[in-house]
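The values are calculated or read from the model by the stated rules, or taken from the named source; none is laboratory data. Small disclaimer: the values here were computed from a predicted structure and weren't measured. Neighbour counts run over all protein chains shown; Cβ positions are idealised from the backbone, glycine included.
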Amino acid sequence: MESIKQLKEICQPHRKKEHPGDFGYLKHRELSVYITKVILKLAGTKIKPNHISFFNILFGLIVLSLIALTEDKLFFLLFLFLFYFSFLLDKVDGEIARYQKILTLRGTYLDEVFHLFVQSGLILALAIHYSLFYLGVAGFFFYLLTRYIRKLRYFIYAKYKPEKNKILVKEELSAFEKLLAGCLNILPFKLCSVAHRHDIFLVLAFLLSVFYFDSMTIWFWFLFVWTAMLAVNVLRFLVLNYLYIDRDVQLVDENKL
């Protein structure tokens, strides 16, 4: 059996190149590879990447239900921890796929299903737990929109590709559009992009659970502010995607995005 260092080279070949400054991502990968090693050691090639993906979707939905329904603080913290384990498993299926050299479109599809309905569902589960259902629905909706808008350049590219060899007018930014783009990239707006990070949301939820488990006021404002940040993030992405769609589609075509 390969060492952890060897597994990282096999299963995570692009981790530092694609995410050089993402401390959280790299730390999650540091942990997920140990789970990958245990699974490979116990099951070998008997378990396939899609088996992990199917299990993780079901496991994640069950954990979300338990988070929403439990009344006990210790169990609540335990279920949040199990949700983080599910978060790590989302990386394990891809690592096993690279190890076994089994990369499929079905696997990618299952990965997207997990992101859409399990990871994004945490804010809804927490809101249900604290009887803030409508706030949770809003947060869940904005998480889904954020996910969709971040992928929108690829959908546009898919529609553009058949017409690639025809003459397309590439629009330059006007002075007003440059000013607008600059405003949307100032620090307060850029900070709102943190809201789409499920790992940061989970850590903050865990800390609040430790210190303010019974405080409805704290949880209301936490979920409200996070949902508001997601809403701002959606609007920011919509405008920036529109302004830079020519550049982004070109980068997708060159496999640089």
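If you check G94 against the conditions, is it assigned to a helix (DSSP H, G or I), out of contact with any Pro (no Cβ under 6 Å at 6 or more places or on another chain) and in contact (Cβ under 8 Å) with a residue 24 or more places away in the chain? Can you show your working first?
Values: assigned to a helix (DSSP H, G or I): yes; out of contact with any Pro (no Cβ under 6 Å at 6 or more places or on another chain): yes; in contact (Cβ under 8 Å) with a residue 24 or more places away in the chain: yes.
Judged against the criteria, G94 is a match.
Can R236 be described as over 21 Å from H129 (Cα atoms), of a type outside the set (S, T, Y) and out of contact with any helix residue (DSSP H, G or I) (no Cβ under 9 Å at 6 or more places or on another chain)?
In short, no.
Taking the options F75, F79, F54, F85, name whichever one is at pLDDT 90 or above and within 17 Å of the chain's Cα centre (by Cα).
Working: F75 fails: within 17 Å of the chain's Cα centre (by Cα); F79 fails: within 17 Å of the chain's Cα centre (by Cα); F54 fails: within 17 Å of the chain's Cα centre (by Cα).
One residue alone meets the criteria, F85.
Which residue pairs have Cβ atoms under 9 Å apart, sit 6 or more places apart or on different chains, and have a first residue in the stretch 48-77 that is under 15 Å from E112 (Cα atoms) and touching a residue at least 60 places away in the same chain (Cβ under 8 Å) and a second that is basic (K, R) and part of a helix (DSSP H, G or I)?
N50/R106; S53/R106
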